[in-house]
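Below you'll find the structure, written out as structure tokens, and then a few comments.
The values are calculated or read from the model by the stated rules, or taken from the named source; none is laboratory data. No experiment lies behind these values; they were computed from the predicted model shown. When the accessible area is computed, the model is the full protein with side chains, heavy atoms only, and any ligands, DNA or RNA have been set aside. Shrake-Rupley method; radii C 1.70, N 1.55, O 1.52, S 1.80 Å.
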Amino acid sequence: MATLTTSKKNSEPRSDFGLPEERKYPMPDVAHARNAKARASQAEQAGKLSAADKKKVDSKADKVLHKK
């Protein structure tokens with residue numbers, strides 16, 4: 001997976017995030033989209049992410065993954 005530095009993450013448009021209002025779960029490429037889905041599942045299971053937010057992340061990731 002490509003490294004996503006803090007400055008690169010901060011320069012990404014909000015539309016590249018699974019949760020754009022919080023700038024969480026960046027998905028500039030396919031590898032990050034796969035990782036975002038995995039991390040969102042872990043966060044939901046740990047009670048740190050709501051089911052609705054997980055659905056948003058999964059939806060955005062699916063769009064990125066189908067663009068390949």
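Using 0.36 nm per residue, how much length does the chain from T3 to A51 gain when fully extended, once their Cα-Cα distance is taken away?
Taking T3 through A51 to full extension adds about 14.5 nm, to one decimal.
By how many degrees, between 0 and 90 and to the nearest 10, does the Cα long axis of helix 51-66 differ from the longest principal axis of the chain?
So the helix axis and the longest Cα principal axis differ by about 40 degrees.
Under a GNM of the chain (C-alpha, springs under 10 Å), which listed residue has the highest mean-square fluctuation: A40, A52, A31?
A52
Taking only protein heavy atoms and a 1.4 Å probe, what accessible area per residue, in Å², does the chain have with all protein chains in place?
65
Given contacts defined as C-alpha pairs under 8 Å and at least six residues apart, what's the relative contact order of the chain, whole-number percent?
30
State the number of lysine pairs found in the chain whose Cα atoms come within less than 13 Å, restricting to pairs 8 or more positions apart or on distinct chains.
Close lysine pairs under the 13 Å cut-off: 12.
For helix 30-45, what angle does its Cα long axis make with the longest principal axis of the chain, in degrees from 0 to 90 and rounded to 10?
Rounded to the nearest ten degrees, it is 20.
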